[in-house]
1. Going by what's in this entry, would K84 be described as at pLDDT 90 or above and open to solvent by 50 Å² or more (accessible area, probe 1.4 Å)?
2. Filter region 118-133 for residues that are farther than 11 Å from R93 by Cα and basic (K, R) and give the result.
3. Picking from E79, E74, which residue would you name as being surrounded by 11 or more Cβ atoms within 10 Å (Cβ to Cβ), of a type in the set (D, E) and more than 21 Å from G28 (Cα to Cα)?
4. Of all residues in region 17-42, which are part of a helix (DSSP H, G or I) and surrounded by fewer than 15 Cβ atoms within 10 Å (Cβ to Cβ)?
5. Considering only region 681-714, state which residues are over 24 Å from Q763 (Cα atoms) and in a helix (DSSP H, G or I).
6. Could you list, in sequence order, all residues of region 176-188 that are within 21 Å of V255 (Cα to Cα), in contact with a helix residue (DSSP H, G or I) (Cβ under 9 Å, 6 or more places away or on another chain) and either open to solvent by 40 Å² or more (accessible area, probe 1.4 Å) or not in a loop (DSSP other than H, G, I, E, B) (or both)?
7. What do you reckon, is T682 among the polar types (S, T, N, Q) and in contact with a Gly (Cβ under 7 Å, 6 or more places away or on another chain)?
8. Could you list all residues from region 317-345 that are within 16 Å of E357 (Cα to Cα) and assigned to a loop (DSSP other than H, G, I, E, B)?
Amino acid sequence: MQKQTPSAGNARQIEKRFRIVFENAPLGIAIAAADGKFIEVNHAFYNLLGYSRDEIHHLSFFDITHPEDRAATEALSREVRSGKTDYYQQEKRYLSKDGRVVWAIVRATGVNDDSGKIAYWLGIIEDITERKLAGMALQESENRYRTIFDNVSEAILVADIANRKFRYANSAACKLLQYSGEEFEALTVEDIHPQEARTEVLQRFNAQSQGDQLTGKHVPCLRKDGSLVYCDINATVMTIDGRKCNVGFFQDTTVRRRVEADLKESEEKYRSILENIEEGYYELDPEGNFSFFNDAVGRLLDCRPEQLTGMNYRAFTTGKTTEKLYKSFSEVYRSKQPSKMSEFEVITGSGKKKTVEISILLMRDRKGEPSGFRGIMRDVTERHLAEKEREKLTTQIQQSQKMEAIGTLAGGIAHDFNNLLMGIQGNVSLILLDKEKDQREYEYLKNIENLVLRGSDLTRQILGFARGGKYRVKPTNLNLLVEKTADMFSRTKREITIHQTYQPDLWSVDADQGQIEQVLLNLFVNAWQAMPEGGDLYLTTENISLTARDQERTYDIAPGKYVRVSVTDTGIGMEKKVQARIFEPFFTTKEVGRGTGLGLASAYGIIKNHNGIIRVYSEVGHGTTFRLYLPATSKPLQKESRSNGKVLKGSGTILLVDDEPAVAQVGKDMIEKLGYKVLLATGGAQALSIFKKHNEMIKLVILDMIMPGISGGETYDKIKELNPDAKVLLASGYSLNGQATQFMKRGCNGFIQKPFNLRILSQKIRAILDAA
């Protein structure tokens with residue numbers, strides 16, 4: 001892992017720390033504007049010259065410089081301004097507020113703005129007045145300290161090598177360690193260092209006495225009050241007054257050491273944070289190679305740190321992602337503005353595809369030049385999949401709601417149409433009773449009856465789409481049903497090769513065999529029309545258990561056991577926009593005369609009404625697959641029962657209830673033709689009135705389900721209240737669904753679908769009346 005400087009997020013804390021350092025530094029520090037006017041100075045600088053904070057802010061460097069030194073200061077300033085040098089150092093004199101001459105060593109640096117001009121000056125002022133004066137005194141009195149005190153500014157201690165006692169200490173040393181010169185002469189080298197550091201210090205002292213040039217970094221030193229300061233110590237051996245001495249130069253590094261420790265602590269803190277966050281933090285060089293990253297990046301990209309270091313981000317991207325990322329990096333480099341989180345697809349070191357969010361910020365070096373990029377990387381694969389799933393679910397709900405709405409409309413139309421057909425069928429049935437087969441009118445009447453049947457088939461398809469109900473539901477073996485339907489279809493479409501694969505021991509399903517057969521035939525015909533030059537049709541059945549997480553399962557189908565029937569053709573396939581509409585009624589891509597657009601719509605409704613789902617998978621040029629999922633049942637299979645197909649007559653009184661006058665009249669005539677006496681009611685209220693009056697003589701009530709005012713369902717309930725043993729045959733233009741199904745479960749004796757002929761009506765009546 002690469003080293004990293006503290007982040008800008010800790011800027012305030014670092015600023016606070018450096019403010020403490022600035023204000024408490026032993027050297028004077030001053031910040032001045034380009035014209036030399038003071039902006040900010042620390043306490044050491046105030047103390048040096050005796051001005052207050054407000055007073056110093058009205059002055060410049062030149063105002064407090066001794067007149068004889070101003071020309072030299074101006075010349076050095078011009079060199080910095082012209083760019084010949086970055087800084088200057090000058091030994092000069094300042095005038096304090098009370099007129100004193102203060103000698104100082106000034107180290108001044110010009111800080112440029114973006115245009116290259118001086119923005120402000122930073123000056124470090126070391127007070128050398130005492131050293132200067134001491135030097136002058138030494139020059140006048142004696143020459144023994146001239147070399148040392150005239151050439152260094154650090155605290156100086158001179159110790160006798162023989163006994164390690166201090167012989168001399170300069171004022172900086174006295175100030176640093178808080179001892180006077182006389183007090184130092186009573187001390188030895190051991191006395192100014194804490195116990196734990198003395199062994200190492202003495203080793204260095206002895207090595208120095210042998211002529212080794214050694215230095216010490218951050219050596220702990222004891223002040224008179226027992227507090228610690230840390231110093232960098234450089235020492236040399238000199239002979240002074242005939243004695244061999246160790247001359248030590250002490251530079252106070254207490255503040256610097258504290259700053260370094262704070263920086264190290266800050267670095268460790270932020271390194272710990274980076275290593276423990278789940279998001280990946282990364283840094284790239286200008287070429288896009290990883291130069292620094294935390295462990296989360298390695299986990300996200302499935303790479304070990306040693307593998308990832310120096311690797312280019314392009315190693316984890318597809319062509320499309322590379323282009324997107326390159327544009328993002330280029331825009332950040334151009335605008336210098338950070339890029340917010342954007343989604344990209346990456347391919348990890350293990351080959352997995354993941355979706356990640358990446359933010360991008362520009363990094364700069366000390367000169368402010370772009371040096372690379374940094375940012376946060378977050379794995380959002382699960383969230384991305386969840387959003388797609390939510391979008392898919394929303395689409396499914398919208399599609400289902402749309403189909404439900406259309407289905408309600410279609411169901412109402414089919415109901416009314418069936419009532420019309422009932423009137424036609426009833427009248428035709430009555431006329432046919434009095435016609436012989438050799439009569440010319442007989443053929444016309446049969447044609448009308450056949451047309452009624454075709455119309456009935458059409459409404460059955462509409463009702464199938466409208467989820468209009470299941471007519472005769474029973475446990476069914478789909479292997480047998482699919483095979484029978486496929487054999488029937490293959491006889492007429494020999495250009496299609498059918499391949500059949502059926503799972504042994506297939507689970508049974510509760511199904512209306514006629515409706516499922518209709519679904520299969522619709523799918524077979526669609527496959528045939530998609531293969532005009534012939535082709536292959538693959539039929540498979542299999543047991544399947546759908547869990548809550550299966551992609552095949554939608555929001556409106558429960559987990560559990562299902563039987564899946566797949567119908568696959570090798571035809572022309574469908575575009576996505578066609579697939580989105582194929583289950584809508586009257587939608588068709590076929591030419592006029594080749595379809596009504598109801599086939600797949602009715603298939604959709606029938607399967608939904610069986611509590612199943614129908615799915616389509618198709619690609620243009622690669623065929624189509626329809627998959628039906630029907631819930632499995634544990635009920636045993638039942639044997640087929642057959643009717644004799646005869647018109648069955650009888651006697652007794654029947655109450656016929658229907659709000660359509662034409663249907664009611666033809667129904668009355670049909671029932672009377674079968675030998676029964678008919679009491680006719682054109683609404684629920686009239687039916688209840690008649691039933692109360694003739695309850696004991698009424699053997700059967702034929703009740704229309706859909707009526708204004710008192711509905712068929714309410715009428716049924718009130719009839720049962722009057723006579724719990726009353727026998728009721730429900731009749732409706734709708735199929736057996738919803739409310740009618742509930743009444744069948746509650747004791748209703750039978751159901752007949754409009755339009756019906758005389759034979760079917762006679763058999764339904766006899767089946768109920770003859771039942772025990």
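1. Numbers: at pLDDT 90 or above: no; open to solvent by 50 Å² or more (accessible area, probe 1.4 Å): yes.
No: the conditions fail for K84.
2. Correct list: R131 only.
3. Details: E74 fails: more than 21 Å from G28 (Cα to Cα).
Only one candidate qualifies: E79.
4. First, pick out the residues of region 17-42 that are part of a helix (DSSP H, G or I): 17-24.
Result: F18, R19, I20, E23, N24.
5. Of everything in region 681-714, those that are over 24 Å from Q763 (Cα atoms) and in a helix (DSSP H, G or I) turn out to be G684, A685, Q686, L688, S689, I690, K692, K693, H694, E714.
6. Narrowing region 176-188 to residues within 21 Å of V255 (Cα to Cα): 176-179.
From the residues that got through so far, the ones that are in contact with a helix residue (DSSP H, G or I) (Cβ under 9 Å, 6 or more places away or on another chain) too are 177, 179.
Passing the criteria: only L177.
7. Values: among the polar types (S, T, N, Q): yes; in contact with a Gly (Cβ under 7 Å, 6 or more places away or on another chain): no.
Taking the combined requirement at face value, the residue does not satisfy it.
8. T318, P338
The values are calculated or read from the model by the stated rules, or taken from the named source; none is laboratory data. What you are looking at is a predicted structure, and each value in this text was computed from that prediction instead of being measured. Ideal geometry is used to build each Cβ from the backbone, glycine not excepted, and the neighbour counts take in all protein chains shown. Just the protein is used for accessible areas: all its heavy atoms, side chains included, with ligands, DNA and RNA removed. Shrake-Rupley method; radii C 1.70, N 1.55, O 1.52, S 1.80 Å.
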